[in-house]
Amino acid sequence: MPRHLPGEGAITAATASTASTRAGALAWAACALALLLPSAFAAAAGDAARGLYLAKAGGCLACHTEDKKGATPFAGGRALKTPFGTFYGPNLTPHAAAGIGRWSDADFVRAMRHGVRPDGANYYPAFPYPSFTGITDRDLADLWAYLKTLPPDPRPSQPHDLRFPYRWRYPIVAWKWLYFTPGPFASDPRRAPMVDRGAYLVEALGHCGECHTPRNYLGATKKDRALAGGKGPTGKDLPNLTPTHLAKWSDPELKDFLLFGTKPDMDSADEAMAEVVRNTTSQLTPEDLAALMAYLRALPARPDEPATSDKKK
Ligand code: HEC
Ligand code: HEC
């Protein structure tokens, strides 16, 4: 067998030769690339510092940390009450048995983009993958790199406590077939880049619609009523985020709310939104916060959902 220098020759040799020499040639090519392009390799492996920022923009902490003082971040145990029962956010630390320490990169991408568990079962959409599916490949790689830096925690993920018949996972297949469209966020070149960035932050990472978009009786968000408020996932009436309602707020008022949770009438946000402010909107860079606001301002003014009085105090 003639020796080949890494590069084109190695690739030609690889296609024509046996499996072992092919592996050798590929290893050569990989070494050569690693020497030439160290920064490209670092990017492919994910940037944990960027991932930390994205985890904030995605509000991962809230659902994956128990709601009590001193709880270990990302070790799971947070109770999420819904009309279907109580879900518990699982342990996301890299513990091999209790967390996701044995997962491959592909397992993580499949969970986030397709809502599928490593064993092939489907996740409940209480895990907001219908929004997270829009997270770009690069951002997923960075999020994954960040999660791998967390200290492994042995707390086992708590089983969900769901009402019959929601304990079964297999009907989720039908639910996904009806309501779930996987795929990364598609930029819209017709809108200003800032509005486009805002759309990504609101719709994919920030998953604001998981609470602020009304749902049908099977718990799927009504796409044509995006961000128009109405009954949220816990059955409480939530405000409309389109200009129908928010046009009354000036930019400084909206910004104050997203930074500090204080409303123009000096009232403060109730706990569900206060947590979003604390973990997400107040943590955004000034550019991203401005982009998020620009997108809310650019939404079509959708009428309020008819009030659902049954759950009102
Ligand atoms: C609104 C609450 C909520 C938010 C926000 C949330 N998750 Fe989750 N997540 C869940 C729930 C609930 C599950 C379990 C779903 C199931 O068992 O079907 C889950 C499961 C997961 C899993 C699978 C874990 C396993 O053991 O199988 C991963 C990975 C994950 N989430 C990552 C993230 C990341 C990364 C973020 C932030 C970008 C995030 N989650 C934000 C609620 C949430
Ligand atoms: C976990 C559910 C939840 C999520 C996710 C959520 N919100 Fe909210 N939001 C609420 C609730 C509940 C209120 C009402 C707070 C109150 O009345 O005190 C609210 C209120 C607001 C308000 C104030 C409107 C008003 O008239 O009082 C704004 C603005 C807002 N949210 C923006 C956002 C943005 C932007 C996101 C995404 C980054 C987001 N929310 C994600 C639950 C949520």
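Values in this text are rule-based calculations from the coordinates and carry no lab data. These figures come from a predicted structure and were not determined experimentally. For neighbour counting, all protein chains shown are included, and Cβ atoms are generated from backbone atoms with ideal geometry for every residue, glycine included.
Among the trypsin sites (Lys or Arg not before Pro) within segment 60-115, those in coil by DSSP and having at most 13 neighbouring Cβ atoms inside 10 Å are 68, 69, 102. Under 5 Å between amide hydrogens, built in the peptide plane, is the criterion, and for residue 135 it picks out 185 among residues at least 5 positions away or on other chains.
Here the peptides 126-132, 215-221, 294-300, 265-271 are ranked by packing, the mean other Cβ count within 10 Å, and the order with the highest first is 126-132, 294-300, 215-221, 265-271. Look at the alpha carbon pairs under 8 Å that are at least 6 residues apart: their mean separation over the length of segment 200-313 gives a relative contact order of 27 percent. Maximal additional length on extending the residue 248-residue 168 stretch stands at 24.3 nm, based on 0.36 nm per residue less the C-alpha distance. Beyond 24 Å between alpha-carbons counts as too far, so tell me which of 56/255; 56/176; 223/255; 68/223; 69/263; 56/263 fall in that bin. From the list (56/255; 56/176; 223/255; 68/223; 69/263; 56/263), the Cα-Cα distance tops 24 Å for 56/176; 223/255; 68/223; 69/263.
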